[in-house]
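Here's the structure, in structure tokens; my notes come after.
Please treat every number below as a calculation from the coordinates, not as lab data. Everything numeric here is computed off the predicted structure, so don't read it as measured data. We place every Cβ from the backbone using ideal geometry, glycine too, and count neighbours over all the protein chains shown.
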Amino acid sequence: MIQISALPAFTDNYIWLLQDHNTQRCAVVDPGDAAPVQAWLAAHPGWVLSDILITHHHHDHVGGVELLKSATDATVYGPASERIPARDVALKDNDRVSVLGWEFDVLAVPGHTLGHIAFYHHGLLFCGDTLFAAGCGRLFEGTAEQMYTSLNRLAALPEDTLVYCTHEYTLSNLRFAVAVEPGNPHTVERLGKVTQMRESGIMTLPSTLALEKLTNPFLRAGETSIKQKVDERSGADNSSPSAVFAALRAWKDKF
């Protein structure tokens, strides 16, 4: 039995903690800060941090790796084509790793960064800053076409997959989603629920791919209503879904 919980970090990051209660071994995903992980370990004597999974090289995802590695000797997994501190295992697309007895498929999802990867175990997706609840990551290194392809790859996973992204951006993302699709009842309903959750201090993750397909405009770039809205706003005919996606991402950057 593996339990997954969130360790809040910085202002809106989540470090995902996987706990194997049979062995008292645990793993973390994207520890940008060592302190929350160290505090949890100190509060749970007997537990051992055995694995650290990294999706990409940004500091708010890797800043705590070296300290945790030196304190615990955990195995650090990260993308092969990015500079990941203290990395032991360099991962490429379609690799497979075993963590706490679970097999994870490694998926290359470039866009936010060029070497960004995601970890998928049936029913679970750790996707870093590629797919967010109701949104997607900014294009810091990759192209819109790359990110659109990456998002489609994730969207093709089973709809009941739980989406564990790394930031609490859901409320602001849904405000944008409603601006893009004001007539989408699923998005409007989700915005209401998430607004109440955040007012009560409740985290909005994980999401599900089924919910994202209903409410995330970046997974809905092929919808006629979204194309019409984007064309109207940009004054251009965005002839392909990837062009619609690019225009959506540019709009969100200034929203």
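Per-residue extension of 0.36 nm, minus the Cα-Cα distance of Arg233 and Asp253, leaves a gain of 5.8 nm for this segment. Calculated on the Cα set of the chain, radius of gyration then Dmax: 18.3, 61 Å.
Cβ neighbours within 10 Å, averaged per peptide: list 222-235, 193-206 in order, most packed at the top.
Working: 222-235: 15.1, 193-206: 13.2.
My ranking of the peptides, most packed first, is 222-235, 193-206.
Bridge orientation summary for the chain: considering DSSP beta bridges with both residues in this region, about 65 percent are antiparallel.
Per residue, the average separation of C-alpha pairs within less than 8 Å and at least 6 apart gives the chain a relative contact order of 13 percent.
What number, rounded to the nearest 500 deg cm²/dmol, is the helix-based mean residue ellipticity at 222 nm of the chain, given -39500 (n - 2.57) per DSSP H run of at least four residues and division by all its residues?
After summing the helix terms and dividing by the residues of the chain, the value is -10500 deg cm²/dmol.
Note on segment 147-196: percent of Cα-Cα distances in each 10 Å bin, starting at 0 and stopping at the bin with the largest distance, equals 22, 41, 36, 1. With r as the distance between the Cβ atoms of Glu66 and Ser240 and R0 = 45 Å, compute the FRET efficiency 1/(1 + (r/R0)^6) and round to 0.05. That pair, Ser240 with Glu66, gives E of 0.55. Per-residue packing, averaged as other Cβ atoms within 10 Å, sorts the ranges 63-69, 14-20, 87-93 into the order 14-20, 63-69, 87-93, beginning with the highest. Multiplying each eigenvalue of the alpha-carbon gyration tensor of segment 162-255 by 5 and taking the square root yields semi-axes of 25, 13, 12 Å, largest first, rounded to whole angstroms. Evaluated over the chain, the count of Lys pairs having alpha-carbon atoms less than 23 Å apart is 10 (only pairs 8 or more residues apart or interchain). Overall, the chain carries a charge dipole of about 420 debye about its Cα centre when +1 sits on the Cβ of Lys and Arg and -1 on the Cβ of Asp and Glu, all other atoms neutral. For a paramagnetic label modelled on Ala179 (point 7 Å from Cα along Cα→Cβ), amide N atoms under 18 Å away belong, within segment 126-153, to 132-139. One decimal place: the segment Ala42-Glu145 gains 32.7 nm when fully extended, by the rule 0.36 nm per residue minus the C-alpha distance.
To the nearest 10 degrees, how steep is helix 185-199 against the longest Cα principal axis of the chain, on a 0 to 90 scale? Value to nearest ten degrees: 40.
Sorting the segments 157-165, 212-220, 1-9 by their mean number of nearby beta carbons within 10 angstrom, highest to lowest, gives 212-220, 157-165, 1-9. The angle between the Cα long axis of helix 241-254 and the longest principal axis of the Cα atoms of the chain comes to about 80 degrees, rounded to the nearest 10. Set the Förster radius R0 to 25 Å, insert the Cβ-Cβ distance between Met197 and Ile4 as r into 1/(1 + (r/R0)^6), and round the FRET efficiency to 0.05. For R0 = 25 Å, the calculated efficiency reads 0.85.
Taking the chain as the reference, fit the longest principal axis to its C-alpha atoms, fit the long axis of helix 34-43 to the helix C-alpha atoms, and give the angle between the two in degrees, 0 to 90, nearest 10. Tilt relative to the chain: about 50 degrees.
Roughly what % antiparallel, to the nearest 5, for the DSSP beta bridges in segment 50-167? The answer is about 55 percent antiparallel.
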